[in-house]
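Inspection log for the structure reproduced underneath, given as structure tokens.
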Amino acid sequence: MPTVVSTKETLYNVANRVATITLNRPDKLNAWTTLMESEVRSHMENAEQDDEVRVIVLTGAGRGFCAGADMSLLSAVAERGLDDRDLDHRDLDGREQVSRDGANRREGVAPDFQKKYSYFPAIEKPVIAAINGPVVGLGLVITLYCDLRLASDASRFSTTFARRGLIAEYGMAWMLPRIVGIANALDLLFSARTIDAPEALRMGLVNRVLPQETFLEKVQEFAQELASTVSPRSLRIIKRQVYEAMSQPLAEAFDISVREMMACFRTEDFKEGVAHFVQKRPPAFTGK
């Protein structure tokens, strides 16, 4: 039976080995709040720990993915201002974040992937952003930390920060150029213009563009294909290799890949990978 959990600002559903997290403020175009952040993190961690889940999808309810930070938070900051202590220790709504960051510290994970939004790469399962409509500002930042980005042909994208007197927030200056290249990143950040899905695809900002009419269905088909046809152990290790290699020299990444390859030969999933191919049947990977 599918698992369905409804929290105040998100939905969590597990079916066919895919966990779907839905931002659920459709009347606000899923504008991001501190509560939403907390709920998403809880769902991500639950999905990671659930052996029945092999792939995670993050999407938005209604006609858009996420309109960025809730404007009521930005308006409040514009009115009252923040001092240096606020910038170091508080979220936009004034809540303390130090204790929350400490509670979420993960052993053996690089500091790069321990931050408030940059922890998605440390989740040991693929995280797919299903961008079902407009995605702006902080919403776009969040999609950058997902492993793959699938977009509907009705999607629109904007960094928006420069038009609000802001900067490239939450590590976007590091992540965006690695996805679209420096020139495209500066174009999107300087101009804060809105681009459509085909242009996002040409830039490499998204991996695929799918018809709006069947978008979520096609996303689920893709996620279920990953969940059922490839080794979850392979996915876990490949994801870690790719993100760790971003800060490694080639020789180190090469040596790690050789050690991981040799370790594969002793696993159930390697034996099953050979057996199902030879026997011409669907795989039955265990993740071990």
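Miscellaneous remarks
- Restricting 169, 213, 225 to residues that are free of Cβ contacts under 8 Å to residues at least 12 places away in the same chain and under 26 Å from residue 62 (Cβ atoms) narrows the list to 213.
- When region 256-276 is filtered for residues that are of a type in the set (D, E, K, R) and open to solvent by less than 80 Å² (accessible area, probe 1.4 Å), the ones remaining, listed by number, are 260, 269, 272.
- The one condition in (1) open to solvent by less than 70 Å² (accessible area, probe 1.4 Å); (2) modelled with pLDDT of 95 or more; (3) not polar (S, T, N, Q) that residue 225 fails to fulfil: (1)
- Residue 48 vs. criteria in contact with a strand residue (DSSP E or B) (Cβ under 6 Å, 6 or more places away or on another chain), open to solvent by 10 Å² or more (accessible area, probe 1.4 Å) and assigned to a helix (DSSP H, G or I): no
- Set side by side, the residues 118, 155, 191 differ, and just one is among the hydroxyl-bearing types (Ser, Thr, Tyr), open to solvent by less than 50 Å² (accessible area, probe 1.4 Å) and in contact with an Asp or Glu (Cβ under 7 Å, 6 or more places away or on another chain), which is 118.
- Scanning region 158-168 for residues that are in a loop (DSSP other than H, G, I, E, B) and either open to solvent by 50 Å² or more (accessible area, probe 1.4 Å) or over 29 Å from residue 215 (Cα atoms) (or both) yields 165, 166, 167, 168.
- Criterion: under 19 Å from the mean Cα position of the chain (by Cα), at pLDDT 55 or above, part of a loop (DSSP other than H, G, I, E, B) and surrounded by 15 or more Cβ atoms within 10 Å (Cβ to Cβ) - qualifying residue of 109, 57, 40: 109
- Residue tally, condition on the phi < 0 side of the Ramachandran plot and surrounded by 22 or more Cβ atoms within 10 Å (Cβ to Cβ), over region 26-35: 2
- Selected residue (only one of 249, 282, 232 is surrounded by fewer than 16 Cβ atoms within 10 Å (Cβ to Cβ) and touching a residue at least 40 places away in the same chain (Cβ under 8 Å)): 282
The values are calculated or read from the model by the stated rules, or taken from the named source; none is laboratory data. Owing to the predicted nature of the structure, the values given are computational and were not obtained by experimental measurement. Note that we place each Cβ from the backbone using ideal geometry, even for glycine, and neighbour counts take in every protein chain shown. The protein model used for the area step is the full one, side chains on, heavy atoms only, and it has no ligands, DNA or RNA in it. Shrake-Rupley method; radii C 1.70, N 1.55, O 1.52, S 1.80 Å.
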